[in-house]
Amino acid sequence: MSLESLLSLFALLFGLIVGSFLNALIYRLPREINIAYPRSSCTSCKKIIPWYENIPVFSYIFLRGKCSECGAKISWSYPAVELACGLFALFIAPSSLNNNELLSFFFYFSVFCCFVVHFIVDLKHQILPDSVNLYLACLFLVYGFFTTPWTHWLIGAALGFGFPLIVSWVFYQLKGQVGLGGGDIKLYGALGLYLGPIGVMQNLFLSCFLGAIVGLSLIATKLIKRENPIPFGPFIILVAAVQIFADQWFGHLISYIP
């Protein structure tokens, strides 16, 4: 087996394992449970899950999506997260042991993992954990410090955090309602470190546009009521994912916008 094939296999297995860890974060962070202790257990009967029932994807298939003790259904999101992380890691797997390739792999894979946690937690609980925002900001800050001029990441972060904060404050003064959550504002600030001033403003515009389209569609089809809150983080993350992982395609898309 060639080195490139070995690295691809390692990336796939690594991604599956990390995906399993992300499932723990997704469950524990919004509930403020320690991420290392206690051991994973069934959410219904509290049975401690042995290692052989905690193998990414395969355990879910072997158990047929049910707890071996009480028969409670295991959410399909668990193998979905593991598989998504494994496939993404495989997609960006390095082709050699070159330091730049390895660092690039771990950087982009880490960003993807943060996006996955944020996306699912916000959908389920309508919060964006500060710990994930802080980790994401540190990643982007270190990356920006070594790869882009300080004006790019500094102004980007200030604009990403400051502009939505001011808009949200003005909205609150006029309407007496919180228009944008603190987690969303912090996420914009973190993204500004990587995207820079132009990129973060593009994200602000496009995420708001996407959120409005989806929100109005859900209301028009009566899937939700007008007064029901819609988590905004997933729209920020979807746009940011295209900006970061498909930047050339995003550039072509933006060129069509007048």
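The table for this structure:
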| read-out | value |
| --- | --- |
| Identity of the residue in the range 54-68, of a type in the set (A, V, I, L, M, F, W, C) and in a loop (DSSP other than H, G, I, E, B), that ends up modelled with the highest pLDDT | Val57 |
| All positions within the range 166-184 that are surrounded by fewer than 20 Cβ atoms within 10 Å (Cβ to Cβ) and within 17 Å of Pro234 (Cα to Cα) | Gly179, Leu180, Gly181, Gly182 |
| Helices (runs of 4 or more DSSP H) within the range 79-190 that include 1 or more residues in contact with a Cys (Cβ under 8 Å, 6 or more places away or on another chain) and closer than 15 Å to Gly19 by Cβ | 99-125 |
| Residue in the range 56-83 that is surrounded by the most Cβ atoms within 10 Å (Cβ to Cβ), counting only those that are touching a residue at least 12 places away in the same chain (Cβ under 8 Å) and closer than 21 Å to Phe109 by Cβ | Val81 |
| Verdict on Phe146 being of a type in the set (A, V, I, L, M, F, W, C), more than 19 Å from Ala241 (Cα to Cα) and either in the same structural domain as Gly199 (by TED's automatic domain parsing) or touching a residue at least 24 places away in the same chain (Cβ under 8 Å) (or both) | yes |
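For every residue, the table says whether it meets (1) β-branched (Val, Ile, Thr); (2) touching a residue at least 60 places away in the same chain (Cβ under 8 Å); (3) in a loop (DSSP other than H, G, I, E, B); (4) in the same structural domain as Ile120 (by TED's automatic domain parsing).
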site: Ser20; (1), (2), (3), (4): no, yes, no, yes
site: Ile33; (1), (2), (3), (4): yes, no, yes, yes
site: Pro38; (1), (2), (3), (4): no, no, yes, yes
site: Ser44; (1), (2), (3), (4): no, no, yes, yes
site: Tyr52; (1), (2), (3), (4): no, no, no, yes
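Results for (1) outside any loop (DSSP other than H, G, I, E, B); (2) surrounded by 21 or more Cβ atoms within 10 Å (Cβ to Cβ); (3) touching a helix residue (DSSP H, G or I) at 6+ places or on another chain (Cβ under 9 Å), shown as yes or no for each residue.
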| site | (1), (2), (3) |
| --- | --- |
| Gly196 | yes, yes, yes |
| Cys208 | yes, no, yes |
| Ile219 | yes, no, no |
| Leu223 | no, no, yes |
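The values are calculated or read from the model by the stated rules, or taken from the named source; none is laboratory data. It should be emphasised that the depicted structure is a prediction, and the values quoted were computed from it without experimental measurement. Positions of Cβ are backbone-derived with ideal geometry, glycine not excepted, and every protein chain shown enters the neighbour counts.
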